[in-house]
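Below is one structure, written out as structure tokens; comments come after it.
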Amino acid sequence: MDVREKIKKVAVLGAGDMGHGIAEVCAIAGYEVWMRDIKEEFVERGMARIKESLEKLKVKGKVDNVENVLSRLHPVWKGR
């Protein structure tokens with residue numbers, strides 16, 4: 001069995017420039033993703049950027065179902 005078949009969940013620490021991009025790519029690939037940062041506002045900003053990016057990818061025909069991808073993303077911040 002390939003390692004990619006064993007991995008089902010991904011945790012991304014940080015929702016900034018790199019973190020939100022990594023979380024997005026993993027969710028598009030079909031993984032359940034928990035994106036965590038120290039403040040709620042950072043996570044919300046990362047989620048907003050992911051949503052913007054997914055809409056652009058949908059227009060280009062590279063993502064079929066934005067809501068499906070978003071359902072695999074689980075935002076988490078310290079204290080939650």
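The values are calculated or read from the model by the stated rules, or taken from the named source; none is laboratory data. Bear in mind that the values here come from a model prediction, so they are computed numbers and not experimental data. Reconstructed Cβ throughout: ideal geometry from the backbone, glycine too, with neighbour counts over all protein chains shown.
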Is it the case that residue 12 is outside any helix (DSSP H, G or I) and aliphatic (A, V, I, L, M)?
-> yes
When both residues are 6+ apart or on different chains and their Cβ atoms are under 6 Å apart, which pairs have a first residue that lies in the stretch 7-34 and is farther than 17 Å from residue 67 by Cα, and a second that is assigned to a strand (DSSP E or B) and not acidic (Asp, Glu)?
-> 10/33; 11/34; 12/35; 13/36; 15/35; 19/12; 22/12
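State all residues of the stretch 32-80 that are small (Gly, Ala, Ser) and within 30 Å of residue 6 (Cβ to Cβ); if no residue qualifies, say none.
Selection gives 46, 53, 71.
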Odd one out for residue 70 among (1) in contact with an Asp or Glu (Cβ under 7 Å, 6 or more places away or on another chain); (2) at pLDDT 95 or above; (3) not hydroxyl-bearing (Ser, Thr, Tyr) = (1)
Scanning the stretch 15-30 residue by residue, the ones that are part of a loop (DSSP other than H, G, I, E, B) and either among the charged types (D, E, K, R) or buried (at least 17 other Cβ atoms within 10 Å of the Cβ) (or both) total 1
Return the total of residues in the stretch 46-61 being under 21 Å from residue 32 (Cβ atoms) and out of contact with any strand residue (DSSP E or B) (no Cβ under 9 Å at 6 or more places or on another chain).
-> 7
Collect the residues in the stretch 35-55 that are surrounded by 15 or more Cβ atoms within 10 Å (Cβ to Cβ) and either free of Cβ contacts under 8 Å to residues at least 12 places away in the same chain or within 8 Å of the chain's Cα centre (by Cα) (or both), keeping them in residue-number order.
-> 35, 47, 50
